[in-house]
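The values are calculated or read from the model by the stated rules, or taken from the named source; none is laboratory data. What you are looking at is a predicted structure, and each value in this text was computed from that prediction instead of being measured. Note that each Cβ is placed from the backbone with ideal geometry, even for glycine, and that neighbours are counted across all protein chains shown.
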Ligand SMILES: [Mn+2]
């Protein structure tokens, strides 16, 4: 078995860690942007560490992306990073954040955040914890995993972000339409994480806690991994029109879900 990943952050004592994911920010959905960015500003005030675990943006065609929501998100995230350690992770929509060869300055650098690999390992009040967006564990969807492997390849990404903006937008639109069409026919289990993949990750990384998003099925699951108890938190997605969204907040007092 490979060695567990190094610990990238350790939260203890008077620390307060805040987790959110799947915001899907876009200029076409100003309600969600307003709903989430104001919730984040309020909630992050009491936090020492803020983790945004992927799909922050509905789409990301490179760090030169032109979208009215980007400067708003940049300002909000920069404000968070001024008072807390801000960590970002890429999701399946915004996997080109900080892509190699981008014609613009990397997004995480612009906001003063640290970009995390997926997965990443942290220490959370004594609990070795694995963070992920979650799509890598949807292993039953082989077609998607094939695309995922291809599109996470640095050479593929470099070639993609070198294309003109209009061309990248057209490809992104095509991929979205194809994914929406396929989703209609996909069995529900294909869009959830695979139980074996989760157990393997927990064992390899020697963690007792997993936090991820992606499935839009917020929950706290207790899993028995060979007699070892593993807790898996699934973060909710955000939707301003439906007034849906939430954080997971962890302090030494305990674990709280905050519905917004
Ligand atoms: Mn996702």
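Just a few scattered comments:
- In the range 70-93, the residues that are closer than 13 Å to residue 110 by Cβ reach residues that are within 16 Å of the ligand (Cβ to nearest atom) with C-beta atoms within less than 6 angstrom, at least six apart or across chains, in these pairs: 73/25; 88/52.
Each row is one residue, and each column tells you yes or no for (1) surrounded by fewer than 23 Cβ atoms within 10 Å (Cβ to Cβ); (2) in contact with a strand residue (DSSP E or B) (Cβ under 8 Å, 6 or more places away or on another chain).
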residue	(1), (2)
106	yes, yes
111	yes, yes
116	no, yes
127	yes, yes
136	yes, no
142	yes, no
146	yes, no
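- Every residue from the range 59-72 that is in a loop (DSSP other than H, G, I, E, B) and surrounded by fewer than 19 Cβ atoms within 10 Å (Cβ to Cβ): 64, 66, 67, 68
- Test for residue 91: is it within 19 Å of the chain's Cα centre (by Cα) and either in a helix (DSSP H, G or I) or modelled with pLDDT of 95 or more (or both): yes
- Residues in the range 211-227 that are in contact with a helix residue (DSSP H, G or I) (Cβ under 7 Å, 6 or more places away or on another chain) and either outside any strand (DSSP E or B) or within 16 Å of the ligand (Cβ to nearest atom) (or both): 214, 215.
- Residue match in the range 249-257 (condition: part of a strand (DSSP E or B), surrounded by fewer than 14 Cβ atoms within 10 Å (Cβ to Cβ) and at pLDDT 95 or above): yes
- Residue check, residue 137 over 30 Å from residue 103 (Cβ atoms), touching a helix residue (DSSP H, G or I) at 6+ places or on another chain (Cβ under 9 Å) and within 14 Å of the ligand (Cβ to nearest atom): yes
- Restricting the first member to the range 11-29 and to residues that are farther than 21 Å from residue 217 by Cα and touching a residue at least 12 places away in the same chain (Cβ under 8 Å), and the second to residues that are within 13 Å of the ligand (Cβ to nearest atom) and in a loop (DSSP other than H, G, I, E, B), the beta-carbon pairs closer than 6 Å and six or more apart or on different chains are 26/58.
- The one condition in (1) at positive phi; (2) touching a residue at least 40 places away in the same chain (Cβ under 8 Å) that residue 96 fails to fulfil: (1)
- Candidates 220, 228, 232: the one that is free of Cβ contacts under 8 Å to residues at least 40 places away in the same chain, surrounded by fewer than 16 Cβ atoms within 10 Å (Cβ to Cβ) and under 17 Å from residue 137 (Cα atoms) is 220.
- The residue that is farthest from residue 95 (Cα to Cα), among those in the range 10-32 that are more than 16 Å from the ligand (Cβ to nearest atom) and buried (at least 17 other Cβ atoms within 10 Å of the Cβ), is 15.
- Pair list, Cβ under 8 Å, 6 or more apart: the range 170-189 residue under 16 Å from residue 216 (Cα atoms), other residue surrounded by 10 or more Cβ atoms within 10 Å (Cβ to Cβ): 183/191; 186/141; 189/140
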